[in-house]
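Below: the structure, in structure tokens.
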Amino acid sequence: MNTTVGATVKWGVLGAARIAEQALIPAIRAAGGHVAALGCRDLQRGQAYAQCNGIPHTMGYLDLVQNADVDAVYIALHNAAHLPWALAALAAGKHVLCEKPLTLNARQVAQLQAAQRIHGRFAMEAFMYRFHPAIEQLHALVRDGAIGQPRVMRGAFAFVLDRPEDVRWDPAMGGGALYDVGCYPLDLMRQLTGEQPDVLAAQASYTDRGVDHALSALLRFGDATAHMDCGFSLPFHQGFEVLGAHGALRVDQPFLNKDRDVVLWHDAHAYRFPPTDAYVRMVSHFQRAIRVEEPLRYPLDDALAQAETLDRVFLAMEPAPAGAM
């Protein structure tokens, strides 16, 4: 396993997904990594995808995670496949960077923690937004008391998912708006307060198959009241604000912002950030952690806390969708 300081990390990508093609494969290369292989169920489709993206080798999932030329695996599969293939990769001695949600519930994260202890490899949930300088500045301002103790938080992330064949509409594959976009504002609320929420109310709208496509939740994170909205059936919108005893902070493009300026408002003062590829910053950090150049910023204890937060929201929803708890 390649852990030499400064060494090139060799990656295997599990799944011929859009997110890998549009974001992670370019980010790996920009961060100095090498995309060595693609794992795909349909080898003919995988070979075409690999050729378009300059990936030298295509193979099945199991062959990829067991490939001796792969140091780390990026998992871009549907949500229900995250746990089994993360476990398989860890067992094969690979580091794992897995799309959010890392798993479908907290019990599954605990399984990954046990596997990580046995096999001694890193695993991290791929929340790229955390690595954007605007979000890092937001954390610093709250941590330094710029607005006093947070009292009110509001977060939203929604868009129209108009592809009926998309796996995010499939309950058997871990579909749903909470898993896909609601996890972002909830994660940021949890990170800013260091608290797990009490879910006061959660109201969801469901498809005929029981997949949540719109959700609003009212929560308390310690002393802070929070409101979260998310959806697949709402106009595109994202935003986050936190109000404290002495001021307010607002980010208008907090979660999806690769190609746009981001402004963080501290009352009337604006911190302006040019377009930044947070995927590159995330991959760069993960590679440095693999090479033991710096500690992993978001270990599985954090992923467990995030999964517990989602579990609490799912429990408050009626009816509970497939895959929850």
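Could you tell me which numbered condition Met173 fails, if it satisfies all but one of (1) open to solvent by 50 Å² or more (accessible area, probe 1.4 Å); (2) out of contact with any helix residue (DSSP H, G or I) (no Cβ under 6 Å at 6 or more places or on another chain); (3) at pLDDT 95 or above? Met173 satisfies every listed condition except (2).
Contact map, segment 203-222: residues that are at negative phi paired with residues that are of a type in the set (Lys, Arg), Cβ distance under 7 Å, separation 6+ or inter-chain. Pairs shown: Phe221/Arg190. Filtering segment 125-139 to residues that are open to solvent by less than 20 Å² (accessible area, probe 1.4 Å) and in a helix (DSSP H, G or I) leaves Met128, Tyr129, Arg130, Phe131, Ala134, Ile135, Leu138. Hey, any hits in segment 288-305 for a residue that's open to solvent by less than 60 Å² (accessible area, probe 1.4 Å) and without any contact (Cβ under 8 Å) to a residue 60 or more places away in the chain? Yes, segment 288-305 contains at least one residue that is open to solvent by less than 60 Å² (accessible area, probe 1.4 Å) and without any contact (Cβ under 8 Å) to a residue 60 or more places away in the chain. Among the residues making up segment 186-213, a single one is surrounded by 14 or more Cβ atoms within 10 Å (Cβ to Cβ) and basic (Lys, Arg): Arg190. If the condition is being polar (S, T, N, Q) and within 19 Å of the chain's Cα centre (by Cα), then segment 166-222 contributes Gln191, Thr193, Gln196. Restricting attention to segment 143-170, the residues that are basic (Lys, Arg), crowded, with 17+ Cβ neighbours inside 10 Å and closer than 19 Å to Gly15 by Cα total 1.
Among the residues making up segment 252-308, those that are hydrophobic (A, V, I, L, M, F, W, C), under 18 Å from Ile19 (Cα atoms) and touching a helix residue (DSSP H, G or I) at 6+ places or on another chain (Cβ under 7 Å) are Phe255, Ala278, Val280, Met282, Val283. Only one of Val292, Val313 is β-branched (Val, Ile, Thr) and in a loop (DSSP other than H, G, I, E, B); which? So the residue among Val292, Val313 that is β-branched (Val, Ile, Thr) and in a loop (DSSP other than H, G, I, E, B) is Val292. Could you please let me know if Ser284 is hydroxyl-bearing (Ser, Thr, Tyr), surrounded by fewer than 20 Cβ atoms within 10 Å (Cβ to Cβ) and assigned to a strand (DSSP E or B)? Considered against the rule, which asks whether it is hydroxyl-bearing (Ser, Thr, Tyr), surrounded by fewer than 20 Cβ atoms within 10 Å (Cβ to Cβ) and assigned to a strand (DSSP E or B), Ser284 comes out as no. How many residues, within segment 215-226, are surrounded by 20 or more Cβ atoms within 10 Å (Cβ to Cβ) and not small (Gly, Ala, Ser)? The number of residues fulfilling the criteria is 3. Could you say whether any residue in segment 185-197 is touching a strand residue (DSSP E or B) at 6+ places or on another chain (Cβ under 8 Å), in contact (Cβ under 8 Å) with a residue 60 or more places away in the chain, within 16 Å of Val313 (Cα to Cα) and assigned to a strand (DSSP E or B)? Yes: one or more hits. Please work out if Leu24 is of a type in the set (A, V, I, L, M, F, W, C), farther than 20 Å from Val167 by Cα, assigned to a helix (DSSP H, G or I) and under 23 Å from the mean Cα position of the chain (by Cα). Taking the combined requirement at face value, the residue does not satisfy it. Evaluate the following for Gly46: is it at pLDDT below 95 and either farther than 23 Å from Glu294 by Cβ or of a type in the set (Lys, Arg) (or both)? Yes: the conditions hold for Gly46.
Residues that are touching a Gly at 6+ places or on another chain (Cβ under 6 Å) and crowded, with 16+ Cβ neighbours inside 10 Å number at least 2 in the following strands (runs of 3 or more DSSP E) confined to segment 227-280: 233-244.
The values are calculated or read from the model by the stated rules, or taken from the named source; none is laboratory data. Not measured: the values here are computed from a predicted model. Here the Cβ is made from the backbone with ideal geometry for all residues, glycine too, and neighbour counts use every protein chain on show. Accessible surface areas use protein heavy atoms only, side chains included; no ligands, DNA or RNA. Shrake-Rupley method; radii C 1.70, N 1.55, O 1.52, S 1.80 Å.
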